[in-house]
Amino acid sequence: MTDENHPLFSRVEHNRTADGVVHQIETLILDGVLRDGDRLPGERDLAQRLDVSRPILREALKELETRGLLASTHGGGTFVADIVGQIFSRPLAELIARHERATQDYLDYRREMEGLTAELAARRATATDRAILTAIVERMRAAHESGSFEEELATDIELHNAIGEAAHNIMLMHTLRACYRLLTQGIFFHRQMVFNTPGARDRLLCQHVAIHDAILAGDPAAARRAAEAHIDYIVETMRETQRNGEWARIARLRLLQRETRA
């Protein structure tokens, strides 16, 4: 989780007591450093890192639990709560899933947000951000070449999340994380539909590489264009897939009716 030169948790000023602990952990969650499901160090270890007493630490952790940012299990430790999933409530997500036009709205939204996010990432990405993006793309290439479908899908979402982090805008980062969560849950459409289209996997890989290359080149305009082109391709591929599926359904009905007449 950390190293000796750049500790994740740092010493809290004693005059801020529990409030200082709360502020530090809140900031780590807000900045996306701590993600839902991440486990905090044990009480003794964390108290030492923060240089506070264990009663003060317990008070701070209890406050963070009350705010819904942390969750603890008896004997299992303390974890960052699943706050991303709560941005879209379950009833709203299920409502969206029942209405087909929501998919188009979702992709329209992603096109604008991802274009802006890629543009900001090209302007703001640090050397560490660039290294992370490159490592993900390398894993994506390896998954593509080996035919590891699930790994390729996983790196797809991971890359988009990393671009959101490289944009260094917490509103974009958390909003897009919520959007990708709905995508992985199949709320809008099944990504397999796009991936299974002939030639789609090669095209998608090239598009992801283009976004990556533009960000690393520090070219905001090219990064935005590449991100928007990526969503445009998904939209068109989905339309084509749905159109072909509907045509196939109608053809089967016509065949059935001809057989009935005969």
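The values are calculated or read from the model by the stated rules, or taken from the named source; none is laboratory data. Computed from a prediction, not measured in an experiment: that's the story for all the values here. Backbone-built Cβ (ideal geometry, glycine too); neighbour counts: all protein chains shown.
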Considering only residues that are exposed (fewer than 14 other Cβ atoms within 10 Å of the Cβ), more than 23 Å from residue 173 (Cβ to Cβ) and charged (D, E, K, R), look in segment 125-153 and name the one that is farthest from the chain's Cα centre (by Cα).
-> 145
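Here's the yes/no breakdown for (1) surrounded by 18 or more Cβ atoms within 10 Å (Cβ to Cβ); (2) without any contact (Cβ under 8 Å) to a residue 60 or more places away in the chain:
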{"position": "160", "(1), (2)": "yes, yes"}
{"position": "178", "(1), (2)": "no, no"}
{"position": "181", "(1), (2)": "yes, no"}
{"position": "205", "(1), (2)": "yes, no"}
{"position": "208", "(1), (2)": "yes, no"}
{"position": "212", "(1), (2)": "yes, no"}
{"position": "215", "(1), (2)": "yes, no"}
{"position": "226", "(1), (2)": "yes, no"}
{"position": "231", "(1), (2)": "yes, no"}
When residue 63 is run through (1) out of contact with any strand residue (DSSP E or B) (no Cβ under 8 Å at 6 or more places or on another chain); (2) surrounded by fewer than 19 Cβ atoms within 10 Å (Cβ to Cβ); (3) within 23 Å of residue 185 (Cα to Cα); (4) in contact (Cβ under 8 Å) with a residue 40 or more places away in the chain, the failure sits at (3)
Restricting segment 76-117 to residues that are assigned to a loop (DSSP other than H, G, I, E, B) and closer than 23 Å to residue 160 by Cα, the one modelled with the lowest pLDDT turns out to be 87
Test for residue 122: is it assigned by TED's automatic domain parsing to the domain that holds residue 219, crowded, with 18+ Cβ neighbours inside 10 Å and either of a type outside the set (Ser, Thr, Tyr) or part of a helix (DSSP H, G or I) (or both) | yes
Within segment 31-60, residues being in a loop (DSSP other than H, G, I, E, B), at negative phi and either loosely packed, with under 12 Cβ neighbours inside 10 Å or of a type outside the set (Ser, Thr, Tyr) (or both) number 10
Checking residue 103 against (1) β-branched (Val, Ile, Thr); (2) closer than 30 Å to residue 222 by Cα; (3) touching an Asp or Glu at 6+ places or on another chain (Cβ under 7 Å), which single condition isn't satisfied?
-> (3)
Give 122, 71 a once-over and let me know the one that is in contact with a strand residue (DSSP E or B) (Cβ under 8 Å, 6 or more places away or on another chain) and either modelled with pLDDT of 80 or more or of a type in the set (Phe, Trp, Tyr) (or both).
-> 71
